[in-house]
Structures are given as structure tokens and as C-alpha cells.
Amino acid sequence: MNVPAIALAGLGEIGLGAHLPALLRNPGVRLAAVVDPDPARRALAAEHTGAPAFDSIGEVLADPAIDAVVLATPPWVTPNLVGRVAATGRFVLAEKPLAVSSSAAAPLAKLPAGQRKRVQVGLTYRHDPALEVLRDWIVSGRLGDGLLVRAHIYDERRAPDAPEHERRIEATLAHGMPVVHEGAHVFDWFATLFGGPPERLEDSWAVATRPDLPSANLCGARLTYPGGVTVLAEFGWLTDALPRCEISVVGDRGHAELDGFTFDLRLTTAAGVERVAFDEDRTTRCFDLQLTRFTELISGARAVPSPGLADGLAALEISERVAVLAAWSLA
Ligand SMILES: NC(=O)c1ccc[n+]([C@@H]2O[C@H](COP(=O)([O-])OP(=O)(O)OC[C@H]3O[C@@H](n4cnc5c(N)ncnc54)[C@H](O)[C@@H]3O)[C@@H](O)[C@H]2O)c1
């Protein structure tokens, strides 16, 4: 195959901010089209690319020259688009979460095998080498046994001078608590770090910091992972001040800290402190790696997508269970 022709659908924050630059940086792909129903977003994209712009994916799917589509769309429209693109035999890189509920994602779970193997899921930070380092510290026993994980995932600060951002995040909250959106990444990291999905969801909680929010903006859970690992995970959006975003793993012999934004690592043991940081910022390196793996899938160099639909659906399933149990705690 020649350089694959890829269309980008969804020209919002992550579409224009991360996928488009990654597509333009990668000499192994050709950006063949951009799609967004919002003319203002198409105009913004035009500042960076001369690729033809369309208001619906239909035009892209009618063009036989296009090999693949990157979907950077809201999760309440993504499942239908994945199904439409996959049905044409094209490759899809679909943003997380795949949907806002398992029932909305059910058609994806039933895709025929031939289509499934063409769908990669945008669990972008799975590709970060920092996760491999942290996994190595865990499995090699450097932290000891009896691990306790504390994940504090705080993002989407409410800034008084950014009302549009606040409006967009509130609109997203109407489709589920922060865990539904952030949990896609975080539960995928835990599955990678601890060798599988949680064995038990022990309990969940939620707090709304304002009564007028469409759903609770703080929520969390206690889970047990394989090997008896206890995870305390909390997710928060839309506060004027954000607590530190980080994941830390405490064991008898060491304490590992992963910065939630940079993925810089720090390991503290009796021998001292070890730090690990990688080149480029986390977004650049992970979106580049993700796109490289997608091009390998398109070219046939990679037989199965990584991460694939099963990974995206598994992360959605546990995120949803946490949200449902947390909603009960509010009732
Ligand atoms: N992988 C990551 O690190 C990461 C980071 C941020 C967001 N995300 C995910 O990416 C998705 C998009 O997030 P965002 O912050 O960019 O949202 P956004 O609201 O800023 O952008 C979404 C864009 O999709 C467009 N859109 C809506 N329906 C469409 C359709 N049918 N066809 C084409 N475009 C359509 C909207 O007009 C909008 O411009 C979400 O699922 C979010 O969770 C992933």
C-alpha cells in the first residue's frame, strides 16, 4: 500500500490539539480530509491544512481513496460512527471512551471479527514508555508486596476566564461523571499494570460540589486487582483549584509516583530516589506512538489493533460500574 490516506473526524480540542498535529508530523500518512459539522471548527482546521473539509462523514466514506478514519468525536456520537466506518472495511482509530454506556457500545461488541480487527481505540497513554517502567518496578518486586494504589485524577479546571471550556465540560458531565470519561484511560492503565481487570469493585462514592451540575463532578472507588492490589481511585472535574493529578503505588519496600500530566516517574526506596522522564511532552510522544501503531495496522505490519475494541469495552464496563454504584451512594 502507498502512504495511507487518513481522514480526521471531530475537530474539537483533542482533534485539532493532538490528532491533527500528529497526522501532520507523520511522513507515513497523508491527511486526506477533515470532518466536523461545526463550520467554525472546519475554519480553524483550514488554518493548519489544505485538506478538503466536510460537514459529515458520509462524504469521506463515499471516497474510495480514503483508507482510514481517526474519530475524535464525543462519546455519544462515536459508537455510530465507528460502526459506519468499520462497515465499509476501513480502519478506524476511535477516541475513548467508545461510548457513554455499555448499552450504547453494544453494537460495537457485536462487530464481525473482520471489522473488529480494524478498530484501534484511542487509549493513548497505554503507549507511554513510563507505564512500562512502572510495570517493571511492580512486577520485579522493587515496591515489595501488599500494594496500595492511590490514583487522584483531577483535570478540567474551571477557569473564570474560560466560560466556553466550562460549558463544554458541563455538557460532557451531562453524559456521565468524570469516571466515565477519564476511567477509560485509568482503568486501562491498571489492567496493564496489574495483569487484568479488577477482581472486585468494593465501593464507590460521588460528590457534587455545586447543586446545579448535571452530574456529580467528584467520584471515586475502591477496587481489588489481581495479586490483592488495593486501588483507591478518584476523579474530579470543574473546581477552581485542582488537587495534584497523580498515581502513586505504595508497597513495603518502595513508593512509586507517576505524575498524572507529564508521566514523569519517581521511585523512593531505602536506597534513595530514582527519577525517570522521557523526551517530548507526554501528549506528543503518545499521539505519535499511537499513530505509528495505527499505520502498522493499516499496512498489515501489525495483525491486531493495540489497544483494540475489547480493551476499550473493558475500560468502559468498569468505569460504568463505578459510576452506577456511585450514583446509588448519592440516592
Ligand atoms: N486520548 C486522549 O488523551 C483524549 C484527550 C481529550 C479528549 N479525548 C476524547 O476525545 C473525544 C473528543 O473530546 P474533545 O475534548 O476534543 O471534545 P470537543 O467537544 O472539543 O470536540 C468534539 C468535536 O467533534 C465534533 N463532532 C460532533 N459530532 C460529529 C460528527 N458526527 N462528525 C464529526 N465531528 C463531530 C464537534 O463539533 C466537536 O468539534 C472525547 O471522547 C474525549 O473523551 C481523548
For the stretch 172-264 the GluC sites (Glu not before Pro) that pass both the DSSP coil test and the at-most-15 other-Cβ-within-10 Å test are E199
Under the 7 Å Cα-to-Cβ spin-label approximation, A62 and A46 lie apart by a distance in nanometres of 2.0 nm
Compactness check, the stretch 91-242: C-alpha Rg relative to the 2.2 N^0.38 Å globular estimate gives 1.16
Here the Kirkwood hydrodynamic radius of the stretch 39-128, Cα-based and in Å, equals 14.1 Å
The rounded separation in angstrom of the Cα centers of the stretch 217-236 and the stretch 56-97 is 33 Å
The chain: longest segment with zero exposed trypsin sites (Lys or Arg not before Pro), where exposed means DSSP loop plus at most 14 other C-beta atoms within 10 Å, is residues 111-243
With Rg from the Cα atoms and Rh as the Kirkwood inverse mean 1/r over Cα pairs, the stretch 201-331 has an Rg/Rh of 1.03
Treating only Lys and Arg (+1) and Asp and Glu (-1) as charged, each at its beta carbon, one finds that the chain has a dipole about its Cα centre, in Debye to the nearest 20, of 780 debye
Taking the alpha-carbon centre of each part, the distance from the stretch 243-282 to the stretch 150-185 in Å is 24 Å
So for R0 = 22 Å, FRET eff. of A109-D203 from the Cβ-Cβ r, to 0.05, ends up at 0.20
Subtracting the Cα-Cα distance of R275 and N2 from 0.36 nm times their residue separation yields 94.1 nm
Cα-based Rg and Dmax for the chain, in Å, come out at 19.9, 62
Note on the chain: helices (DSSP H) long enough, at least 24 Å by alpha carbon along their axis, and hydrophobic enough, mean Kyte-Doolittle at least -0.5, are 282-299, 309-330
When the charge dipole of the stretch 143-275 is computed with +1 at the Cβ of Lys and Arg and -1 at the Cβ of Asp and Glu, the Cα pointing farthest to the positive end, of V179, G251, V207, is that of G251
CD proxy, 222 nm, the chain: helix-only mean residue ellipticity via -39,500 (n - 2.57) per DSSP H run with n ≥ 4, per residue, nearest 500, stands at -11000 deg cm²/dmol
Expressed per residue, the solvent accessible area of the chain in Å² (1.4 Å probe) is about 43 Å²
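Could you look at the chain and say what percent of its accessible area is carbon and sulfur, using a 1.4 Å probe and all protein chains?
So the carbon and sulfur contribution to the accessible surface is 54 percent.
The values are calculated or read from the model by the stated rules, or taken from the named source; none is laboratory data. What you see is a predicted model; the values in this text were computed from it and never measured. Cβ coordinates were reconstructed from backbone atoms using ideal geometry, including for glycine residues, and neighbour counts include every protein chain displayed. Quick note on the areas: whole protein, heavy atoms, side chains included, nothing else; ligands and nucleic acids left out. Shrake-Rupley method; radii C 1.70, N 1.55, O 1.52, S 1.80 Å.
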